[in-house]
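Scroll down for the structure; my scribbles are underneath it.
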Amino acid sequence: MPPERLISILRNNANAGDAGQYTVRVTNSAGTVTSSAATVSLSPTASTLRNISVRTNLESGGEVTPGFVIRGSGTKRVLVRAIGPGLAQLGVPGTNPDPKFEVYRGSTKISENDSWDASLAGVFSAVGAFGLAAGSKDAAALVTLNASAGGENYSVRVTGVGSAAGITLVEVYDADTAPTSKLVNVSVLGQSGVADDVLILGLSLQGTGQRTLLVRGVGPTIGTAFGVPGALADPQLTVYDRDTRAVIANDDWNGADFVSELLQATTYVGAFALPGGSADASTLSLLDPGTYTIQVKGASETAGRAIIEVYEVP
């Protein structure tokens, strides 16, 4: 009996018209074989990325840059927050006294905020964000962004006002109640330190069913290929669930499980390639709906700039 082969088909922007039964037909000189039919259905409640957060120790004059891609149609409302004083109220020491942010589409700035407006309090409650003290120097804004079938790229540049520095929490919430688009790729570029100052990206998957994500912690390649100074030499990647249990981890991507599938997913979602033998980290994660944190730290307690990337894999 010939060995069985797994055939996978990846497709973006599937719609209701794509539902149905599918077969695979293989032909060679000996004839034609048709597989049994497989039923493909689309769930309107399938799990999607709904919000992200980044916790970092922002240096004076430094910045942290979360990014995200919106794919679909129409527009999407997102709530963006950069929080320092609000963390101090929760007992977090060494917080940033005055953070601010700018939202960019490519190189074009489309929004900015230094101090939040009290009219946003209802939006905080609607998306499940914790409240902020009236008049605090935290930053927040509700921004309407365009979506497209191919995906629109946005970034949030977070800094401190003047020489303000310290622990900063950056959050991006999908504020749509009936979305016609979704977040398909989220990332953050920032400094990963040691001990409690490692780079952390949080995310929420909401809906039904499991979701496959390509998760990467990249250091060496952003230094050599993109000229990022002070890149983390050997990033180590760990995904934790809401109970801080490690779900999956990776040190060097070449040693990840299912490397061929990892390479296929990397190409399909449009992520830049990682050189063979590099010390960058990457893995595929099949996750249930819930909240997760992704930590990237340097091997042997080293520090440097790194990027955490999360891609939705169809």
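Quick note: the coordinates plus some simple rules give every number you see, no bench work behind them. Small disclaimer: the values here were computed from a predicted structure and weren't measured. Positions of Cβ are generated from backbone atoms using ideal geometry, with glycine treated the same way; all protein chains shown enter the neighbour counts.
Computed from phi, the 3J(HN,Hα) profile of the stretch 165-174 under the Karplus parametrisation 6.51, -1.76, 1.60 (θ = phi - 60°) reads 8, x, 4, 10, 10, 10, 10, 10, 10, 6 Hz, with x in place of Gly and Pro. Packing, taken as the mean count of other beta carbons within 10 Å per residue, orders the peptides 125-133, 58-66, 97-105 from highest to lowest as 97-105, 58-66, 125-133. For the chain, find the longest principal axis of its Cα atoms and tell me its angle to the long axis of helix 259-269, 0 to 90°, nearest 10. Approximately 70 degrees, to the nearest ten.
The Cα center of the stretch 102-163 and the Cα center of the stretch 237-294 differ in position by 28 Å. Taking a ≥ b ≥ c as the square roots of the Cα gyration tensor eigenvalues, with a/c under 1.5 meaning rounded and otherwise prolate when a/b beats b/c, else oblate, which class fits the stretch 193-314? Oblate, because a/c is 1.5 or more while a/b does not exceed b/c. Applied to the stretch 73-81, the Karplus parametrisation 6.51 cos²θ - 1.76 cosθ + 1.60 on θ = phi - 60° returns per-residue 3J(HN,Hα) values of 9, x, 10, 9, 8, 10, 9, 10, 9 Hz, with x for Gly and Pro. Extension gain, VAL161 to ARG242: 0.36 nm times the residue separation minus the Cα-Cα distance gives 25.9 nm. Is the C-alpha gyration tensor of the stretch 46-185 telling us rounded, prolate or oblate? Criteria: a/c under 1.5 is rounded; beyond that, a/b larger than b/c is prolate, otherwise oblate. Prolate. Remark: for residue pairs LYS76/LYS100; LYS182/LYS297; LYS137/LYS182; LYS137/LYS297, the C-alpha separation exceeds 24 Å in LYS182/LYS297; LYS137/LYS182; LYS137/LYS297. Under 5 Å between amide hydrogens, built in the peptide plane, is the criterion, and for SER73 it picks out SER181 among residues at least 5 positions away or on other chains. Each residue, ALA37 and ALA121, gets one label point 7 Å from its Cα in the Cβ direction; the gap between the two is 5.8 nm.
As a rough guide to protection, the peptides 72-84, 203-215, 297-309 ranked by mean Cβ packing within 10 Å, highest first, stand as 72-84, 297-309, 203-215.
Going by the alpha-carbon gyration tensor, a ≥ b ≥ c the square roots of its eigenvalues, is the stretch 145-237 rounded (a/c under 1.5) or, if a/c is not under 1.5, prolate (a/b greater than b/c) versus oblate? Here the stretch 145-237 falls in the prolate category. Net length available on complete extension from GLN89 to ARG25 is 16.8 nm, with 0.36 nm assigned per residue and the Cα-Cα distance removed. Taking all Cα pairs closer than 8 Å and separated by 6 or more residues, the relative contact order of the chain comes to 23 percent. Backbone phi angles across the stretch 138-152, fed through the Karplus curve with coefficients 6.51, -1.76 and 1.60 (θ = phi - 60°), yield HN-Hα couplings of 5, 10, 7, 7, 9, 10, 9, 10, 6, 10, 7, 4, x, x, 10 Hz in residue order; Gly and Pro are listed as x.
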